Amino acid sequence: MATVMNSELDIKSQVAADEWETRVDLAAAYHLVEHYGWTDMIFTHLSARVPGPDDHFLINPYGLMFDEITASNLVKVDLDGNIVLSSGYDINPAGFCIHSAIHMARHDALAVMHLHSDDGAAVSAMDEGLLPLTQTAMVLLPQVAYHDYEGVALDLSERERLVRDIGDKKILMLRNHGTLAVGETVSSCFLLMYLLERSCSMQVRAMSSKNLRMPSTDAINTSASQGNRLIESDGLHTLAWPALLRLLDRKGSNFRE
C-alpha cells in the first residue's frame, strides 16, 4: 500500500466544488462511525456517488482506521472498482463488491453504508431479524430487507442477489454479517444507520429479559406509517447533520483536510 500524505496530493484543486463537499461529508461519516464505536478496525465501508454524469464513487483507503480518513485521502473509483483519482492508497475489493451492486442498481442510493458492529451483526444472526420492540425499530421496519450470507463478498455474481433482496428498501440486514443503509445524501444515509444501530443495540439488551412486551399491531402499524413520513422528509437529517459536524469540530477531527 502506498503511503502518500495528504499534503503531497492537493486533491481539492483537482475536483469540482460539489465533489469536495461530498468528500467532506463522507469523511465526516467515517469519523462519526468511529465516534459511536461501530468500527471493525480497518474493515467495512461507507461510499458515496460523485456528483456528475460519470459513475464514479468515493470509498475509504484500505488500511486506514476510520478516524484517519479525510476528504483528501478518500479514493475515487469507477463501477468496476478501478481507481480513477488516486490518493496514494488502494481499496478493499470485497467492500466495493457490495457497494457497487447497490450503486449500480439504485440511482437514489447516492450513499451506501455497511457496518459490522457487535449489535448489528448480532441482530443479523437472529432468526426473527429486527423486531418491533422499540419506537426506534418500529419506524424503520417498513424499510428493512434481508440478504442471506454467502461468504466474504468477493464473488461479483452476488451483486445481482444483493440488488434483488434490497429491492426498493433503504435498509438491508446482511444475515450473519452486519447492517447496510442507503440514502440520497450522506447525511440521510447516516441518520438511517444511526437509527438502525440504535435499534439493534436496544434489541440485544431487551433480549436478556424473559418477558418481552410487544406493542399492539395498531401501534406497530401507526409507527411504521409515521416512520415512512419521517424517513422521506428532509427535516431530521438536515437538522442533525450540522450538529454532528459541530460535534466533530469540537473533538478536533481532521475530516475536512
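Bear in mind these aren't lab numbers, they're just calculated from the coordinates by the rules spelled out. In this text the structure is predicted, and so the values were computed from the model without any measurement. Glycine also receives a Cβ, built like all others from the backbone with ideal geometry; neighbour counts cover every protein chain displayed.
Table for the structure above
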quantity	calculated
GNM top mover of SER124, SER199, SER86 - the chain, alpha-carbon springs below 10 Å	SER86
Candidates MET214, MET173, MET113, ranked by Gaussian network fluctuation over the chain, Cα under 10 Å, top entry	MET214
Nearest-ten-degree value, helix 217-232 long axis tilted from longest Cα axis of the chain	20
Peptide ranges 178-187, 245-254, 95-104 listed from the most packed, as the mean C-beta count within 10 angstrom indicates	178-187, 95-104, 245-254
Extent along principal axes [Cα atoms of the stretch 99-157; Å; largest to smallest]	35, 27, 17
Reduced Cα scattering model of the chain, Debye log10 I(q)/I(0), q = 0.09, 0.14, 0.17 Å⁻¹	-0.38, -0.92, -1.35
ASP218 versus GLN14: modelled label distance in nm, points set 7 Å from Cα along the beta carbon direction	6.1
Sequence-distant lysines (8 or more away, or on other chains) whose Cα lies within less than 29 Å of LYS76	LYS12, LYS169, LYS170, LYS251
The stretch 156-213 versus the stretch 110-144: alpha-carbon centroid distance in Å	4
The chain: antiparallel DSSP beta bridges as a percent of all, rounded to 5	85
Relative contact order [Cα under 8 Å, 6+ residues apart], the stretch 6-250, whole percent	19
Ranked packing of 62-69, 45-52, 219-226, 23-30, most packed first, by mean Cβ within 10 Å	23-30, 45-52, 62-69, 219-226
